[in-house]
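Since the structure comes first, as structure tokens, the remarks are kept for the end.
Please treat every number below as a calculation from the coordinates, not as lab data. Since the model is a prediction, treat every value here as computed from it, not as a measurement. We place every Cβ from the backbone using ideal geometry, glycine too, and count neighbours over all the protein chains shown.
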Amino acid sequence: MLTAEQLREMESSRRKALEDTDKEQHLKLLEQRQREIDEARNSHLDKPHWKKIIESMEAAAKNGERECQVVTFPSDICTDSGRAINSNTAEWPATLQGEAAEIYQAWSSELAGLGYKLAARVLTFPDGMPGDIGLFIAWGG
């Protein structure tokens, strides 16, 4: 029969193994998030992608929608980590980088004058902080 001390050692070993696994998973998630941030920061809006955005807006309208989410990106690519978007301050567009900034510029130059609105929303709040952000183009009232 095992002693109480042996059982404590077994339990302690198991707990340590689970903690190590949790740390490894956490590190993998952090690495994945950093890859997403780097990709979003370095991605650019090209003409074929802009055309797909316009097509997705048309499809959404045909389905009775009044807006279309055109991109999702990590809040970390914003110069303030998404705080201006979360607070809905007028300065939020200046915090955008990469493709998100280029979508804003394309909307401003091509769609704003046609009556389209652009909105940014924080979609997730991991640990209570802004996580992923979505840009939405709207045409409804």
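How many Lys pairs in the chain lie less than 22 angstrom apart by Cα atoms, where the lysines are 8 or more positions apart or on different chains?
Summing the qualifying lysine pairs gives 7.
Name the most mobile residue of A17, A60, A94, meaning the one with the largest mean-square fluctuation, in a Gaussian network model of the chain with Cα contacts below 10 Å.
Between A17, A60, A94, it is A17 that shows the largest mean-square fluctuation.
Taking the Cβ of E67 as the centre, find all other residues whose Cβ is under 14 Å away and add up their charges (Lys, Arg: +1; Asp, Glu: -1).
+2
Which order do Y116, Y104 fall in if you start with the one that has the fewest other Cβ atoms within 10 Å?
With the fewest neighbours first, Y116, Y104 line up as Y116, Y104.
Say the dipole of the chain comes from +1 at the beta carbon of Lys and Arg and -1 at that of Asp and Glu; which of A61, L18, F136 then lies farthest toward its positive end?
Looking along the dipole axis, the top candidate is A61.
Please rank V71, V122, fewest neighbouring Cβ atoms within 10 Å first, as an exposure proxy.
V122, V71
Would you order S43, S87 from fewest to most other beta-carbon atoms within 10 Å of each residue's own beta-carbon?
With the fewest neighbours first, S43, S87 line up as S87, S43.
Given labels modelled 7 Å from the Cα in the Cβ direction, how far is it in nm from E9 to I54?
Spacing of the two 7 Å Cα→Cβ label points: 7.2 nm.
Below 15 angstrom from the Cβ of A94, what's the summed charge of the other residues (Lys, Arg +1; Asp, Glu -1)?
That works out to -2.
Between Q34, Q25, Q97, which gets the highest mean-square fluctuation from a Gaussian network model of the chain, Cα cutoff 10 Å?
Highest fluctuation among the options: Q25.
Ignoring GluC sites (Glu not before Pro) that are buried or in helix or strand per DSSP, and keeping those with at most 15 other beta carbon atoms within 10 Å, what is the longest stretch of the chain between them?
So the longest stretch without any such site is 1-64.
Place a +1 charge on the Cβ of each Lys and Arg in the chain and a -1 charge on the Cβ of each Asp and Glu, then give the dipole magnitude about the Cα centre in debye, rounded to the nearest 20.
Its charge dipole is roughly 320 debye.
Name the most mobile residue of P93, P74, P126, meaning the one with the largest mean-square fluctuation, in a Gaussian network model of the chain with Cα contacts below 10 Å.
In the Gaussian network model the winner is P126.
Please give the calculated 222 nm ellipticity per residue for the chain, where each DSSP H segment of at least 4 residues contributes -39500 (n - 2.57) and the sum is spread over every residue; nearest 500 deg cm²/dmol?
Result for the chain, helices only: -16500 deg cm²/dmol.
Please list, in order along segment 51-56, the HN-Hα scalar couplings obtained from phi with the Karplus expression 6.51 cos²θ - 1.76 cosθ + 1.60 (θ = phi - 60°), rounded to whole Hz, x for Gly and Pro.
Along segment 51-56, the couplings run 4, 5, 4, 4, 5, 5 Hz.
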